[in-house]
Amino acid sequence: MEVNSSTTVVVDTSVLINFLCIDRMDLIAGHSHSFIVTEHVAVEVKDYYSDERRRLDDAFKSSAIREERVEARILAAISSSSATSARLGLGERSAIALSISRGWKLAIDDRRAAKEALEMSSTLDVVTTKDLVVSMIRENLLNIAEADDMKHLWSARYRFHLRIDSFADAV
């Protein structure tokens with residue numbers, strides 16, 4: 001699969017888990033962008049989210065998402081950056097490093113991590129779960145009612161809250 005920098009998204013654990021926990025990797029697979037996770041993000045999912053481990057493996061097998069290794073020198077450059085705090089985990093640092101080094105978009109929900117990523121590269125294109133869902137609605141992968149159902153499920157079962165009443169307000 002050829003990867004185009006303008007249509008490639010590196011997905012951090014925070015965003016990936018949102019789609020894995022509700023078993024909607026089909027939305028990622030159907031999206032016009034290519035989605036990549038770093039090996040560190042994949043390890044985080046497999047180590048800490050046992051229910052989602054199988055879904056991630058299935059997503060790799062179906063090519064819905066791809067795993068990519070981050071070169072040690074690229075990760076070290078980001079990790080030693082004065083803008084990087086010790087608060088960022090290895091998954092976040094690797095996703096940020098890969099995004100910056102390749103000029104790819106970064107999908108991350110942690111606001112502080114996103115802010116730090118933008119301090120490292122002001123040209124970085126950062127998107128959130130909400131942004132991805134809006135793009136999925138625009139690409140007719142789901143409708144507003146389905147998106148709102150996902151939003152309510154995330155809030156009720158998984159403690160992920162979006163600051164909108166409905167995706168109708170965001171489209």
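The values are calculated or read from the model by the stated rules, or taken from the named source; none is laboratory data. Note that this is a predicted model, so its numbers are computed, not measured. Cβ atoms come from the backbone with ideal geometry, glycine included; neighbour counts cover every protein chain shown.
In the set LYS130, LYS151, only one residue is within 17 Å of ILE17 (Cα to Cα), without any contact (Cβ under 8 Å) to a residue 24 or more places away in the chain, in contact with a Leu (Cβ under 7 Å, 6 or more places away or on another chain) and of a type outside the set (Ser, Thr, Tyr); that residue is LYS151. Cβ-Cβ distances below 6 Å connect the following pairs, each with a first residue in the stretch 59-70 that is in contact (Cβ under 8 Å) with a residue 60 or more places away in the chain, a second residue that is buried (at least 19 other Cβ atoms within 10 Å of the Cβ), and a separation of six or more residues or different chains: ARG66/ILE36.
Hey, among the residues in the stretch 10-35 that are in contact with a Phe, Trp or Tyr (Cβ under 6 Å, 6 or more places away or on another chain) and assigned to a strand (DSSP E or B), which one's nearest to ASP110 (Cα to Cα)? Only one residue fits best here, namely VAL11. Starting from residues that are of a type in the set (A, V, I, L, M) and at pLDDT below 95, keep the ones in the stretch 86-95 and report whichever is surrounded by the most Cβ atoms within 10 Å (Cβ to Cβ). Only one residue fits best here, namely LEU88. Going by what's in this entry, would ILE108 be described as β-branched (Val, Ile, Thr) and surrounded by fewer than 19 Cβ atoms within 10 Å (Cβ to Cβ)? It is false that ILE108 is β-branched (Val, Ile, Thr) and surrounded by fewer than 19 Cβ atoms within 10 Å (Cβ to Cβ). Taken over the stretch 35-80, the criterion of being touching a helix residue (DSSP H, G or I) at 6+ places or on another chain (Cβ under 7 Å), among the acidic types (Asp, Glu) and within 24 Å of ILE100 (Cα to Cα) is satisfied by GLU44, GLU67, GLU68. Any residue at all in the stretch 101-121 that is touching a residue at least 40 places away in the same chain (Cβ under 8 Å), within 18 Å of HIS40 (Cβ to Cβ) and of a type in the set (Gly, Ala, Ser)? Yes. Taken together, SER135, SER94 contain a single residue that is of a type in the set (S, T, N, Q) and either touching an Asp or Glu at 6+ places or on another chain (Cβ under 6 Å) or closer than 23 Å to GLY30 by Cα (or both), which is SER135.
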